[in-house]
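Worksheet for the structure shown next.
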Amino acid sequence: MSILKSNLDLRSETYLQNRAVMEGRLADYQKLVDEAVLGGGEKYRDRHRQRGRLLARERIELLVDPDSPFVELSPTAAADTEFNVGGAVVTGLGQISGTECVILANDPTVRGGSMNPITVKKMLRALDICRQNRLPMVFLVESGGADLPHQLHLYLQAGEVFRNITALSSAAIPTISLVFGSSTAGGAYLPGTSDYVVMVDQQAKVFLGGTPLGKMATGEDADEQELGGAAMHSNVSGVSDYFAVDEHDAIRIGRQIVAGLTYRKLGRQPDRAVLPPRYDAEEILGIVSADLKVPFPVREILARILDDSEFDEFKPNYGPNLVTGFGHLHGYSVGILANDRGVLLNEDANKAAQFIQLANQVDTPLIFVQNVTGYMIGTEYEQKGMVKHGSHQINAVTNSTVPHLTVQIGGSYGAGNYGMAGRPYDPRFLFVWPNGKTAVMGGEQLAGTLSIVARQSAASQGIDFDEEADAARTRTIEEQINHEEQAVVMSGQLYDDGIIDPRDTRDVLGVALSAVMTNECRGQRGYGVFRM
Amino acid sequence: MITRILVANRGEIARRIFRTARAMGIETVAVFSEGDATAPFVAEADTAVALGGRTAAESYLDRDKVVAAAIRAGADAVHPGYGFLSENAEFAHAVEAAGIIWIGPPPAAIAAMGDKLEAKKLMVAAGVPTLPSVEITATTDVRAEAESIGFPVLIKAAAGGGGKGMRVVDSVAQLDDALAGAQREALNSFGNDTVFLEKYLPAPRHVEIQVLGDTHGNLVHCFERECSIQRRHQKVIEEAPSPALDPELRRRMGAAGLEAVRAIGYHSAGTVEFLLDDRTGEYFFLEVNTRLQVEHPVTEEITGLDLVRQMIRVAEGHRLDVEQDDLTITGHAIEVRLYAEDPANDFLPAVGDLAAWSIPSDPAARFDSGVEEGSTVSVEFDPLLAKVIVHAESRHEAAQRLALVLERMVIAGVVTNRDFLVAALRSPEFLAGDTHTDFIEKVAPAPRFVPSRDDLARSLAAVVAFHQAEQRASARHLAFMPSGYRNSVMPPQELRFVVDERDVSVTYRSVRDGGFDVWVDGATVALRVVPVAEVRGGIVVEIDGLRARFDLVRSDLRWHVRGPAGSLDLVQIPRFPDPDGATVVGGQIAPMPGAIRVVAVTVGDQVTVGQTLIVMEAMKMEHTISAPGSATVIEVRCAVGDQVDNGQVLVVLEEVPA
C-alpha cells in the first residue's frame, strides 16, 4: 500500500496561471450549461409553467431519491450545431427507489420537445448505456415527435430507438415510460415499446395520427382525449398501465414501479470503506497545463481522485510515459492507465497490454486517464516495432471485458486515442475535461503535414508551388482543426458522455463505476493472439 | 414496622412514593390497569399486581380489587397517593379492616372533610374564616340565594375537587345553564349531583397550608404553598413560599390551618386550602385535602422534609421528628405541571406516544415523572407527564432556571403545555409575583413558542442537514458521495413543512465545500449550512458561521426540533400527495377521543357561529363543539353515547354564503 505524495507548489507562477486558464474554460463551459438548462428560453419555460407543468429537470429532481447523486450525461450536446444546446432532451444516471437507472426526459420547452438528429443521437447513446450496463431506463415523455424539416438525418435513426427499447426488454432490462404530454406519431412507440407505461390525466396524448392528420386522412373530427388521453389508454386501449391524476402522481407511480422491480446488481461491490483523497480536488485546476504542449504530472491528479490517495503502481520504472497500477475509487477496486507524458513508446504500449490483461484476470474495472499525443514515430521506434506494440495495446483494450471508464484530461490524438480506450473502443463512459482536445493530430501538425504532402506532390509533378495559397490554406485548415478538436465541439457531437469539471472527476467516476456494476464485471480469460 | 408498601396509584406519584420507601428500606408493590402494564412505575416496583380493567373505575377506583391486591402481595401498608381512592374513607376503612396499615389521616377525618358543606360547618364552628355559601336542593330558590350572596357566585360540586362540576356565574341569565352543567358533570364524575353556591372572589390568590400530625396529638404546619395559577380550575404552577405572605400573615394562616385540622382530629399529611384576598389580607377556608398533594415537592424543597417519609413514620406510630420551631424556609421552590394538553386549544388533553422524552442534566431540576421515552399518554387518566421542580436561592432565579430546564427538554409525539409554562414563568407578571387565580386569563402566556423568521429558518436548516444525513446514511449505493451531488445545473432539492398552519418550503443545494446553500420560502432567508457532526439525537451545524446543536426527533412526518432559540414542531409535507388522503370538507371533528353526551342539531338545521352542535365528554371534562360560522347541517355522524376517536368527523356542515 503506497500513498501518492504531492509536490505541488500552490504559490508557483505556473500553478496560478494554470488555474486561471482552467477557471476561464470552466466559466465558458458553464455558460453553455446555463444555455442548455434554459431549454427553449424564458418565454417557453413560462408558457410551460403556466400550463401547470413541471420542467424536465424538475421532473427528474422529483423522481430521484432525495440527496442521492444525479450525473447528467452530455449536458451540452448540440453545442456548436444549429440546434439548441442540450439537444431537447436531458439524460443522466440517477437512483430511483434505491435502484440506479438511466433517466431520459424530453425538454418540452425546446420546440415542443420534438426530436432533432442530436436528440436521437443522445437517446441512442442513453439506450446504449442501458444495454451495456444493464440499467433500467425511465423515460419522462413529452415530445412533439420528429422535428420534421430535419427528417433526413433523423427518420431512420429514430427507428433504432424503438428497436433498442424492445431489445432492452428482451435482455430483461426494464423500460418505463411516464407520459406527461404529447407522445404522438412515431413518438407513440416510445411508451408503446416500454415495459411499463404511466400516463398523466389530461396531459398525456398518445396516438399515431393527431386530429389534423386524421381529418386529412379519414375526415374524422376526433376528440383528443378520446383519441389518445390517459383515461382512454388506461381504461380502453391498454396502452397505459397506470393512470396518474397529475405529474406528481405519475412520478410517485414511477418510483413505485422501480421499487417493485427489486432489481439486483450483478457486478462487484465496493470492497473497502471509502476514504477521501488526502489532497484537495480543488488543486487539480492548477495542475493541468494551460498549454497542452506542456506535460503535467498525472500522479498529482491521481492523488486527488483515488481513495486515500493510495496507488499501487505497476512497473513504475518500465515504460514511464504511461502510469499503471491499482487503487480504489469510492470503495471500488480499479486499475488505472494514465498518460504521464503525451507520447506512448514501445515499452509503454507493452506495459499497457500486460496491465490490461492482469486487470481482466481479477475482474477489476479499468480507468483510462487520457492525455495522449499518439504512438511514437520515427525510424528508431518503427524498427523496434511500434506498430506491433501499439497493436498489442489496441488488442488488449478491444478484447478486455472488464468495464472501461475513460477520462480525457488533455489531448487525445492519433492511435493513442484508440489504445487509451477512446470513443471508438466503446468505454462504458467517457468524460472529458474542458481543456480536452480530440483529433487525428493537432491542427498545426495536420495543416503542416498537408502542406508538406502538397509541396512534395507539386515537386514530383514539376508544378510551381504557390506559397501564398499554401499559407492561406494551411492557416484555414489549422483553424478548422483547432476549432473541431475542442471538447465543446466534440461533446456537442456526442463523441463523449459530457464535459466535466476536473474537480468532479472522482465523484462522476464513482457514479459511473457504481452504474456499470449493475451488470456483470467479468474479465476476458482467453485473449486474442498478440503479435510479439 | 412497615416492610412492604402497596401504592394504590399510578404514574409519577407511585414512583415518588416508591423512591422514599426504597430509601427507608421498605419493599414496594404496584397495582396497574391494563393500559399501564408496561408503565415505568410498574417496572420499578418490587412486586406488581394487575387490577385488570381499562378505566379508572375498573381499576384504581375499585376498592375491592386494590385491597385484594394488597393482601395478595403481602403488603403491610397502603399509600393511596393523591386522587383515586386517596380521600375515600370507606377505602381507608377497608384497608384497616384487612389488617393493613393505612398511610394517611384517620378515616373519620377523611369522611368529615369529604363533604364540602359539612366540612365548612365544622370550620365555622372552629372559628376558621369561610366564604358564605348555600347548598342547593330541589326546593332552593337558587336565584334568591345567589343574589343574596352577590354575583359573581361559584357553583361547585359537593363531592368534587379538581375543578370538575364547577362553574362561575356572573349574572342571573347564566345561572340555569351553569347549574345544569355543573350537576351533570358532578354526577358523571362523582356519582352525586349535589352542588352548592358560594361567594366568588374574582381575583384572589390560592394559598394553602401544609400540615403534618402524628397519632400522639402533635401538629405542625410546614408553611404555605401558593397555587394561584390555574387553568380549568386546576393548578399548573405552584410555589413556596408565597410572594404575597409576610411573616405575620404566614403565622396567622399557619395557625388557621392547624386550627382547621385540629378540629377534625387529624394526623398524617394534609393541606388546608384558603383563598387569600391580598388587597385586604382576608383569607377564607376552601377545603382540607386529606392526603398528599400533587404540589407537595415545593414544600419539601424549602423545608428539607420528605413528606412521604413523615407519613410513613406517622403511620408506624412514631412521633413527628420535627417541632414547629425546627421548621424554616430555605430559598424558593417552584413547580410546574407539565401536561399533555394543548394550551392553544383551551388546554384540551392530548394523547399520543412520547416519541422523545429527555431531561437536561444541566441545569439541575427535580423531575417527578411517570413517563419515559416511548410511553403512551392515553385518554383514560390524567395527562400529567411530569412535575418539574426547581429550588433556588431566590424566586427570580428559580423561575429563570425552571424556564431554561423546560426549554431544554426534548419532548416529541405529544402536544404539551411546555411552551406555555416557559412563557408564564418568564412573564413580567410572574416575575413580579403578581399571581392571582386570573393569571392565565390576564397574562395570556403564549400557548406555543413562535420563533422569529430567522430562528425558524435556522431550525429548518438544521432539519435539512439532519434529513439529508439520514438519507445518505441509509443509501444503498454510493453512500459516500457528496450529498445531492449534481454535475450540471439542476433545480435545488426541496423539503416542505407545515409550521404553525403555514406551508414553508425549504430548498437546498450542496456546495463544493461540503456545506449547503439553504433557502427558506423562496429566497426570503438564505443560509450557508455546514454539518459539523452528527450527535445522538441531533446534529451540530454551523449556520452562517454560528455553530449550534439541534436536537431532532422524528416520528414519521412529524419533527420536533430543539435548538438554541427554543423548541419547534414541524410536520413534513410528503413529496408526493397521498392518493387516498382526501378529507371531508366542512366536517366538524372530535378534538380528542371521548363519549358523545349531547347531539344538539339534526340534518337540515341552520346554525350560526358559536352555536352548540355536539357536547362530548372526554377526560372527565365536557367539550362543546360549536359551529365555526353560518352553515347548514348536512350530516350528523354520531349519536348520544357513541365513543368517538380523535379526528373523527361528527357533523358535516355546508357553509351558508354570507
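The values are calculated or read from the model by the stated rules, or taken from the named source; none is laboratory data. What you see is a predicted model, and the numbers here were worked out from it, not measured in a lab. Cβ sites come from the backbone with ideal geometry, for glycine too, and all protein chains shown count toward neighbours.
Some points to look at:
- Number of the exception - A:S514 against (1) among the polar types (S, T, N, Q); (2) out of contact with any Ser or Thr (no Cβ under 9 Å at 6 or more places or on another chain); (3) more than 23 Å from B:P482 (Cβ to Cβ): (3)
- Residues in segment A:486-503 that are in a helix (DSSP H, G or I) and more than 14 Å from every other protein chain (Cβ to nearest Cβ): A:A487, A:V488, A:V489, A:M490, A:G492.
- Count - residues of segment A:165-191 that are free of Cβ contacts under 8 Å to residues at least 60 places away in the same chain and under 23 Å from A:T262 (Cα atoms): 12
- Residue in segment B:480-495 that is within 12 Å of chain A (Cβ to nearest Cβ), under 40 Å from the mean Cα position of the chain (by Cα) and crowded, with 16+ Cβ neighbours inside 10 Å present: yes
- Among residues of segment B:134-153 that are farther than 14 Å from B:L175 by Cα, those with a Cβ under 7 angstrom from a residue that is outside any loop (DSSP other than H, G, I, E, B), sequence gap 6+ or separate chain, pair up as B:V134/B:E145; B:V134/B:F196; B:V134/B:L197; B:E135/B:L117; B:E135/B:F196.
- Meets criteria (in a loop (DSSP other than H, G, I, E, B), away from chain B (no Cβ under 13 Å) and surrounded by 15 or more Cβ atoms within 10 Å (Cβ to Cβ)) for A:L227: no
- Neighbours by Cβ (under 6 Å, 6+ apart or cross-chain): first from segment A:53-81, within 20 Å of A:G498 (Cβ to Cβ) and within 7 Å of another protein chain (Cβ to nearest Cβ); second basic (K, R) and crowded, with 21+ Cβ neighbours inside 10 Å: A:F70/B:R486
- From the list A:A459, A:A415, A:A447, A:A353, the lone residue that is free of Cβ contacts under 8 Å to residues at least 60 places away in the same chain and within 26 Å of the chain's Cα centre (by Cα) is A:A415.
- Filter pass, A:L494 being farther than 25 Å from A:G98 by Cβ, modelled with pLDDT of 95 or more and under 15 Å from the mean Cα position of the chain (by Cα): yes
- Test: B:D76 is modelled with pLDDT of 90 or more and surrounded by fewer than 20 Cβ atoms within 10 Å (Cβ to Cβ): yes
- In segment B:170-196, residue modelled with the lowest pLDDT [restricted to those that are within 25 Å of B:A595 (Cβ to Cβ) and β-branched (V, I, T)]: B:T194
- Exactly one residue out of B:E224, B:E239 is within 26 Å of the chain's Cα centre (by Cα) and either in the same structural domain as B:V142 (by TED's automatic domain parsing) or free of Cβ contacts under 8 Å to residues at least 40 places away in the same chain (or both): that is B:E224.
- When each of B:R232, B:R250 is tested for being over 20 Å from B:P297 (Cα atoms) and surrounded by fewer than 21 Cβ atoms within 10 Å (Cβ to Cβ), the lone residue that passes is B:R232.
- Helices (runs of 4 or more DSSP H) wholly inside segment B:206-324 that include at least 2 residues being more than 30 Å from B:R418 (Cα to Cα): B:247-262, B:307-315
- Scanning segment B:1-18 for residues that are surrounded by fewer than 19 Cβ atoms within 10 Å (Cβ to Cβ) and either in contact with a strand residue (DSSP E or B) (Cβ under 9 Å, 6 or more places away or on another chain) or among the β-branched types (V, I, T) (or both) yields B:T3, B:R4.
- Whenever a residue of segment A:103-121 is surrounded by fewer than 24 Cβ atoms within 10 Å (Cβ to Cβ), its partners that are part of a helix (DSSP H, G or I) and not polar (S, T, N, Q), lying with C-beta atoms within less than 9 angstrom and at least six residues away or across chains, give the pairs A:R111/A:Y44; A:G112/A:Y44; A:S114/A:L148; A:S114/A:G187; A:P117/A:H150; A:P117/A:L152; A:P117/A:H153.
- The condition of being surrounded by fewer than 23 Cβ atoms within 10 Å (Cβ to Cβ) and of a type in the set (K, R) holds for only one of B:R205, B:R279, that being B:R279.
- The helices (runs of 4 or more DSSP H) located wholly in segment A:239-311 that include 2 or more residues which are within 14 Å of chain B (Cβ to nearest Cβ), modelled with pLDDT of 95 or more and over 27 Å from the mean Cα position of the chain (by Cα) occupy A:247-261.
- Number of the exception - B:V649 against (1) hydrophobic (A, V, I, L, M, F, W, C); (2) modelled with pLDDT under 85; (3) under 18 Å from B:E185 (Cα atoms): (3)
- At least 3 residues being crowded, with 22+ Cβ neighbours inside 10 Å is the threshold, and among the strands (runs of 3 or more DSSP E) wholly inside segment B:358-428 those reaching it are B:384-392.
- Of all the numbered requirements in (1) among the aromatic types (F, W, Y); (2) at negative phi; (3) crowded, with 20+ Cβ neighbours inside 10 Å, B:F151 misses one, and that requirement is (3).
- Subset tally (residues that are within 14 Å of another protein chain (Cβ to nearest Cβ) and more than 16 Å from A:G87 (Cα to Cα)) for segment A:30-44: 1
- Residues located in segment A:82-92, provided they are out of contact with any Lys or Arg (no Cβ under 8 Å at 6 or more places or on another chain) and either within 10 Å of chain B (Cβ to nearest Cβ) or β-branched (V, I, T) (or both): A:V85, A:G86, A:G92
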